[in-house]
Amino acid sequence: MKIIELKIGGMTCPSCSASVERLVDELGGVESKKINHVSDSGKIEFNEDVISAEEIIAKINEGHYKVMGFEDIENKRDIPTCPICNHSGQLVPNTVFRSNLKPDAFEEINLESKNYICLNPQCDIAYYNDNQTIDSSGLKRVIWFKTSSKKKTICYCNNIDREQIKEAVEIHNLTTWEEITSHYRKKVIEKCEVLNPTGLCCRNTFGKVVSKFNPD
Ligand SMILES: [Zn+2]
């Protein structure tokens, strides 16, 4: 049995949390769930032989709500640090690798193992597991928070970078993810669990970047 804690964005009332619970109920292997719209959080206990955290997140993302982050609370203490820089890392769902790694690196990475992203901006390591590291040369698209990355993509689904957000806020007075993505893209897509190199929804980071350019 496994327990994960989720940060879920977009819930405003009890019927929101009830609707997230209904989505989760459609999945097999979930033993218990507690979704709280006040704290924007959820706690889900599940059988990992039947279902994965990635599948649960993808299911929740089908609704109007988005998973902003998750933590494997049972194994939280056991997250290994980056073998190169010793900085902390974060578990990433395997769903991200096909779209974010070059074919050679994708072939090489062990998907049976848990894979982590190195959160140190100065370190060139993108992903690591117990006995592998993948540096930036294995990436199809750069990871925005690494200092060596010239392009600071914030929304990977719609390929929108920091400069575009700045322009949208300062010149066009747009402030929400919806307004800004649809300003740049005719067809807005949302598939962060596949396209974002962290596997997590971009809205959290997106909001922080917007508020940087929109102080009020
Ligand atoms: Zn590192």
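The values are calculated or read from the model by the stated rules, or taken from the named source; none is laboratory data. Remember, predicted model here, so these are calculated numbers, not experimental data. All Cβ positions, glycine included, derive from the backbone under ideal geometry; neighbour counts span all protein chains shown. Calculation scope for accessible area: heavy atoms of the full protein, side chains included, ligands and nucleic acids excluded. Shrake-Rupley method; radii C 1.70, N 1.55, O 1.52, S 1.80 Å.
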Which far-off residues, 5 or more places away or on another chain, put their amide H under 5 Å from the one on residue 90, with H placed in the peptide plane?
-> 117, 119
Dmax and Rg, reported as Rg then Dmax, of the range 79-138 (C-alpha, Å) = 10.4, 28
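How large is the charge dipole for the chain, taken about the Cα centre, if only the Cβ atoms of Lys, Arg (+1) and Asp, Glu (-1) carry charge, to the nearest 20 debye?
Magnitude of the dipole: close to 860 debye.
Could you state the accessible area per residue of the range 49-160 in Å², with a 1.4 Å probe and every protein chain left in place? Numbers along the way, then the final one.
Values: 5790 Å² over 112 residues.
Dividing the accessible area of the range 49-160 by its residue count gives 52 Å².
Figure the gain on full extension for residue 3 and residue 112 (residue separation times 0.36 nm, minus the Cα-Cα span) and round it to one decimal in nm. It would help to have the intermediate numbers written out before the result.
Working: separation 109, 0.36 × 109 = 39.24 nm, distance 1.95 nm.
This chain segment gains 37.3 nm when fully extended.
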How high is the relative contact order of the chain, in percent, counting Cα pairs under 8 Å that sit 6 or more residues apart?
-> 17
Please identify the longest segment of the chain free of exposed trypsin sites (Lys or Arg not before Pro), where exposed means a DSSP state other than H, G, I, E or B and no more than 11 other Cβ atoms within 10 Å.
-> 1-149
Of 140/191; 59/186; 102/186; 150/191; 66/150, pairs whose Cα-Cα distance is over 20 Å = 59/186; 102/186; 150/191; 66/150
Any of 2/33; 166/208; 152/208 with alpha carbons more than 19 Å apart? Name them for me.
-> none
Running Debye on the range 22-145 with equal point scatterers at the Cα sites and no solvent, what base-10 log of I(q)/I(0) appears at q = 0.10 Å⁻¹?
-> -0.36
Label point 7 Å beyond Cα of residue 173 along Cβ direction - residues of the range 193-216 with amide nitrogen under 19 Å | 210-216
Contact order relative to length of the range 2-76, as percent, for alpha carbon pairs under 8 angstrom and 6 or more apart = 47
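Between residue 36 and residue 135, what length comes free when the chain is fully extended (0.36 nm per residue of separation minus the Cα-Cα distance, one decimal in nm)? Let's see the in-between values first.
Details: separation 99, 0.36 × 99 = 35.64 nm, distance 3.78 nm.
Additional length available on full extension: 31.9 nm.
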Enumerate the whole-percent occupancy of each 10 Å bin, from 0 to the last occupied one, for all C-alpha pair distances of the range 153-213.
-> 25, 58, 16, 0
Run the quick spin-label model on residue 26 and residue 47: label points 7 Å from Cα toward the beta carbon, then report their separation in nm to one decimal.
-> 2.1
Over the chain, what percent of the accessible surface lies on carbon and sulfur atoms, probe 1.4 Å?
-> 48
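Do me a favour and compute the ellipsoid semi-axes for the chain from its Cα gyration tensor, root of five times each eigenvalue, largest one first, whole Å.
Numbers: eigenvalues 139, 129, 43 Å².
The three semi-axes for the chain are 26, 25, 15 Å.
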Could you size up the charge dipole of the range 153-213 around its Cα centre, putting +1 on the beta carbon of Lys and Arg and -1 on that of Asp and Glu, and report it in debye to the nearest 20?
-> 80
